[in-house]
Amino acid sequence: MRKAAQAKGRRGADAGNRMEGGSGGRRGGKGPGGPTGPKPKRFLDYPRWGKRGVRRWIPSFKQILSVTLLGAASLVGLVSYAYANVTIPDPSKLSALQSNTYYWADGTQMARRGSFYRQNVDLSTVPKAVQNDFLAAENASFWTDSGVDPQGILRAVYHMVQGGEVQSGSTITQQYIKNTRLSQTQSVSRKFDEILMAVKMGSTPQDKITILQGYLNTSYFGRGAYGIEAAAKTYYGVSASQLNPSQGAFLAALVNGPSFYDPAGSDGQGTDAARNLQNATARWTWIMGRLPIDNLLPADQEQQWLAKGFPMPKPIAQDSSKSGYIGYLVDLANNNMLRKGIQQSDLDKGGYQIYTTFDKKSMDEMKAAVDTTFKGQLDPKRTVTDQVKGDSHEGQKYSVDAWMHAGGASVKPGDGAVTAIYGGPDYMKQQFDDADNPGVQVGSTFKAFVLAAALQDGTAAKNAAQGTTSAGGASGSPGGGGISLNSLYNGNNNLVIKNADGSVWTDSVNKTGLKMPNDSGENLGIINLKTAMAQSINTVYVQLGMDVGMNNVKAAAVAAGAGQPGSGVYEATSPTFALGTSHPGPIRMAAAYATFAASGMEADPYEVSRYVLNGQSTSLKSVPHQVFVPGVADSVTAALRGVIQDPKGTGARAKALGWDAAGKTGTTDSKKSAWFVGYTKNLSTAIGLWDQSPSDHSFWPLIGLAGKQDIYGADFPTEIWTAYMQAALNGQSPQTLPTDPHYGSVQNESGVSSPTPSATATPSASTQPPVTHGPTPPTTVGPSQTQTPPPSPTDTCAGLLGCGGLPTPTDTSSSGGPSPTRSSGHLLPPPGG
């Protein structure tokens, strides 16, 4: 009864409230106890009118459908807008970076330069079977899909939602975009951009070709290798075009994680190597199995490759640094590229495969010849004093052994390929190259060009000056304008040098004449040109140069390959030009003598045989051409052979080579440089020595080097040349140089009309320097442009920079210093300060 009364009371209260205008009246109501009155006007009936409790908050079917359609339309609009506005940018600079790779003459890798080891190749050069390896491993539907893999994307989203690392889920198209156009960070926004770009890129078959090529060129394969070409070289030592399907399957496995699949280990040092080999083998087997399933390789071929087993890659090869001689070789190769028109900016971008002419065995042998020759003889603490009167360095002490430089080069006759060089002891200690125009004079080795000019042009200059003609036919023909090795000249000491017209030559400044001394100081009488070459008689070859014309001598040197006018071969302004005041450098001297070895066929020296860029090969080999008629060149060879074969020849030590060889020694003023340049039929080599200040690069005397009083071209340079050539030619069949062609006609020096009893005889006095020199107190002489040093038994002009006390051309040109002949590398200040 109490509960009923309470209920009745509540109903009464509610009724009272409604009677008083409470909000719960019949207005909006729809049923017993529900709201009464008309339905309110709202855009969205939510919460739902006329519903009570939870039902008021549950959307109706119409509401759900409307919101779904609106959301879908918004999403489509958003995606359409993003797709329409997304752009495919050019590849980033990072993906375009490549390295330059340098190879020995046998095709093995020598060095690599650049932060990214990458060389892009055209897709057509990659075997189809290798392309298919990557499709089987990464994206079998590549050629037909839209550029995305929906299942892969869902899988990636699932991992992300689970809180794990965002997975790739990427097609080859997406991976290419990631490699080249986007940051490598994993994020939802990056993935969204990647999907849009992938769909937009892969719209045509042609786009697919570009994408696959770009993917193969930009993927990272470990060991610092970016791209299929670098990977093929790194792991198998072949070009991408030479890969087989089995090797390609392993490389395709590496893309998923090099540190997980490289058998060398996760760090390249063997860590996890066993695990990695197991992983790589399993992944390789899986990829090979996918190939026939995806119709990418016939099943029988797959079984053949499986039967051969896992294609184990090469061990990691350490990249050569610039230490030792590698830096010199790379610089020479780069300079060769620049000379051929390649811009430095293009070379810096990388991507070049540069095949050099250098033979590693020959390089090691030349280094060994230098090291062995001086082993135990050089004392870095040994100092000597320059005692040459009037020299700019007179009275100064210097480290004769520590300042020694050696330069060397070998060139193939008739081809021009530079097979070996000696540029210095270590590139990291001395970066300028002593093999390439170091600025040091070549001395009497230049006499070969005097003889070539005389054989080619005879005494045309003298005849023109005197108003007479040669006793023969056309210049350069047998019996014509060219002279003969049997032509006679006065070989006496201290002869007055004359012009071509017979007048006395005088210095244009001091108006004084020139008396040319011989090295031995002896009067050798009338002597033929061949014997004069063997014994390096200065008076003969200076007067011969004056008769033929020094400009013709210069032209002969340039034609032979010793350098271009104004760069290494100076203007012929003085008689002493015939004695080697020029500085072509070892490479150019070896190349010029190679012209004689090839019977007058000159080939410009080159260090790069070809280069490959973007799969296209370009040859840089020289094209040989005839610059001397064979009779001229072979006559020079006959004279230079006498330098070695004549018992009193200055190069007699080179006879120990055991081959038919020709060559010439050279020693310059005050012994500031010593040379031997010689050749066989198949190799020409130049070796030079000099002392040079490390502070100002001035040249100092070699006197006192290794404890010896005097240093000549017949000493250390010939010893090094012989030891190197014996090693370099080992295993080859000896070849014979051309014999004396008895070329030209006998045209004697003015006043020498017929032989005397001593005319053709070899003088009894030997100008051969002694084989050994006893140690003497540390004394030296320095550079002098006016001093005439005492005569000494060598092949030098006793005052090369100032014979007879006259100012003559030195190592400096009219522009004030040397000019580069072959490279844009290190240039030295004018010698002598």
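The values are calculated or read from the model by the stated rules, or taken from the named source; none is laboratory data. These figures come from a predicted structure and were not determined experimentally. Please note: Cβ atoms are built from the backbone with ideal geometry, for glycine as well, and neighbour counts cover all protein chains shown. Ligands, DNA and RNA are stripped out before the accessible areas are found, and what is left, the full protein with its side chains, is counted by its heavy atoms. Shrake-Rupley method; radii C 1.70, N 1.55, O 1.52, S 1.80 Å.
Are any of the pairs LYS554/LYS664; LYS314/LYS340; LYS360/LYS664 more than 29 Å apart by Cα-Cα distance, and if so, which? Before the final figure, lay out the partial values.
Numbers: LYS554/LYS664 18 Å; LYS314/LYS340 35 Å; LYS360/LYS664 27 Å.
Flagged as over cut-off: LYS314/LYS340.
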Rounded to the nearest 10 Å², what accessible area does HIS393 show when all protein chains are kept and the probe is 1.4 Å?
10 Å²
Report the extension gain between LYS515 and VAL623 in nm, rounded to one decimal, defined as 0.36 nm multiplied by the number of residues separating them, less their alpha carbon distance.
34.5 nm
Give me the distance in nm between label points sitting 7 Å out from Cα along the Cα-to-Cβ direction at GLN278 and SER695, one decimal.
6.6 nm
All aspartates and glutamates inside 17 Å of LYS621 as judged from Cα atoms, apart from same-chain residues fewer than 8 positions distant
ASP106, ASP359, ASP415, GLU602, ASP604, GLU607
What is the spin-label model distance, in nm, from ARG610 to GLN304 if the labels are put 7 Å beyond Cα along the C-beta direction?
2.8 nm
With the cut-off at 1.5 for a/c, could you classify segment 254-393 from its C-alpha gyration tensor as rounded, prolate or oblate?
prolate
Simple spin-label estimate for ASP501/ASP371, 7 Å along Cα→Cβ, in nm, reads 6.0 nm
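For a test of the definition: using alpha carbon positions, the gyration tensor, and the 1.5 limit on a/c, classify segment 250-331 as rounded, prolate or oblate.
Working: a/c = 3.14, a/b = 1.99, b/c = 1.58.
Here segment 250-331 falls in the prolate category.
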Could you tell me the calculated FRET efficiency between ASP267 and ALA72, based on Cβ-Cβ distance and R0 = 45 angstrom, to the nearest 0.05?
0.30
The percentage of the accessible area of segment 368-417 (probe 1.4 Å, all protein chains present) made up of carbon and sulfur atoms, to the nearest whole number, is 47 percent
At R0 = 56 Å, how high is the FRET efficiency between SER60 and SER141 if r is their beta carbon distance? Nearest 0.05 is fine.
0.80
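Going by accessible area, probe 1.4 Å, with all protein chains left in place, what is the ranking of ARG339, ARG118, ARG52, largest first? Working shown, then result.
Numbers: ARG339 90, ARG118 5, ARG52 170 Å².
Output order, biggest surface exposure first: ARG52, ARG339, ARG118.
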